[in-house]
Amino acid sequence: MPQESAVYTHGHHESVLRSHTWRTAANSAAYLLDSLRPQMHVLDIGCGPGTITADLAALVPDGRVTGLEHAPEVLEQARATAAARGLTNIDFAVGDVHALDYPDDTFCVVHAHQVLQHVGDPVQALREMRRVTKPGGIVAVRDSDYSGMIWYPQVPGMDDWQRLYLRVARANGGEPDAGRRLHAWARQAGFVPSTLTATAATWCYHTPEERAWWSELWADRTVSSVYARLAVDGGHATPEELAAIAGAWREWGADEDGWFAILHGEILCRV
Ligand SMILES: C[S@@+](CC[C@H](N)C(=O)[O-])C[C@H]1O[C@@H](n2cnc3c(N)ncnc32)[C@H](O)[C@@H]1O
């Protein structure tokens, strides 16, 4: 593992995949869709269980999508998703965004969704993404910003969740407030500001179904995932404190006035 790699804070516990598999190109990559052309060759870095990757493949029917992952175990699910959709223009590989195993100028579009917040050196990651993109091609990145998440009502314990998450993610070498930094990292990686578009977008959860899904997956993640283990092993929280945070999530989810918004930063960089 290269020195700059961070520990992926969430791991791929079922409670984490419950969130990732909800994602589509429409709800997670809308800022990129107008730039796609049917024949394009796309690299989707940190593809996870591959639902966005599969959508991208359907949008480039005369082209190809490669999903790249640092964690080989999640690719089994990504391959199954692609097969279930009958996609034949998609393949998957294991790799690290800090040192991509592709020649210069290989892809038309290089995309990463919710990945740069987890890596040890996001500027190096963007340099590599730029290197493997063809001249005239696009690097597209979207990350949430954990300090930019807001919710109602102010259930006691939810602030503890946010503070703890920020601490654990940073202790693992990541930057959970990545959304607001993407354009600055891109400039440091050598992208010219005039060829870069920076936007923001949100996810918002409010209906009973959305609240149940979002609160349960976070309650479960807080006590059962890699994140829970890292929080306890790193001395950031006790199991009792994690159980209290999980309870706060369930209390928020059960409140019919519950509302939760997630802010994302997005960049489209022309190579
Ligand atoms: C939050 S998940 C996002 C998955 C998918 N892009 C999505 O939005 O549903 C982040 C993914 O990035 C992967 N990842 C973390 N560090 C990486 C690295 N250095 N190189 C490639 N992938 C990495 C993790 O294994 C994880 O599957």
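Details
- Test result for Pro135, modelled with pLDDT under 95 and either farther than 17 Å from Tyr8 by Cβ or in contact with a strand residue (DSSP E or B) (Cβ under 7 Å, 6 or more places away or on another chain) (or both): no
- Among the residues making up the range 145-192, those that are more than 26 Å from Thr207 (Cα to Cα) and of a type in the set (Gly, Ala, Ser) are Ala169, Ala171, Gly173, Gly174, Ala178, Ala184, Ala186, Ala189, Gly190.
- Any pair with Cβ under 6 angstrom, 6 or more apart, that starts in the range 23-34 at a residue that is among the charged types (D, E, K, R) and ends at one that is surrounded by 13 or more Cβ atoms within 10 Å (Cβ to Cβ): Arg23/Thr51; Arg23/Ile52
- When Ser147 is tested against (1) more than 22 Å from Val65 (Cβ to Cβ); (2) in contact (Cβ under 8 Å) with a residue 40 or more places away in the chain; (3) not charged (D, E, K, R), exactly one condition is not met: (2).
- Evaluated against (1) away from the ligand (no atom under 12 Å from the Cβ); (2) touching a Ser or Thr at 6+ places or on another chain (Cβ under 8 Å), Ile52 falls short on exactly one condition, (1).
- Gly120, sole failed condition from (1) assigned to a loop (DSSP other than H, G, I, E, B); (2) more than 9 Å from the ligand (Cβ to nearest atom): (2)
- Of the set (1) closer than 21 Å to Ser194 by Cβ; (2) within 14 Å of the ligand (Cβ to nearest atom), all apply to His113 but (1).
- Inside the range 61-82, residues that are touching a Leu at 6+ places or on another chain (Cβ under 6 Å) and more than 9 Å from the ligand (Cβ to nearest atom) make up a count of 2.
- Residue match in the range 156-166 (condition: closer than 25 Å to Leu32 by Cβ and within 15 Å of the ligand (Cβ to nearest atom)): no
- Pairs where the first residue, in the range 184-206, is part of a strand (DSSP E or B) and the second is exposed (fewer than 15 other Cβ atoms within 10 Å of the Cβ) and of a type in the set (Gly, Ala, Ser), C-beta under 6 Å, 6+ apart: Thr202/Ala261; Cys204/Ala261
- If you filter the range 164-180 down to residues that are not aliphatic (A, V, I, L, M) and not in a loop (DSSP other than H, G, I, E, B), you find that the one that is farthest from the chain's Cα centre (by Cα) is Arg167.
- Taking each residue of the range 123-140 that is in contact (Cβ under 8 Å) with a residue 40 or more places away in the chain and looking for partners that are part of a helix (DSSP H, G or I) and surrounded by fewer than 18 Cβ atoms within 10 Å (Cβ to Cβ) with beta-carbon atoms closer than 6 Å, six or more apart or interchain, yields Val123/Gln188.
The values are calculated or read from the model by the stated rules, or taken from the named source; none is laboratory data. The structure presented is a predicted model; accordingly, all values stated were derived computationally and were not measured. Note that we place each Cβ from the backbone using ideal geometry, even for glycine, and neighbour counts take in every protein chain shown.
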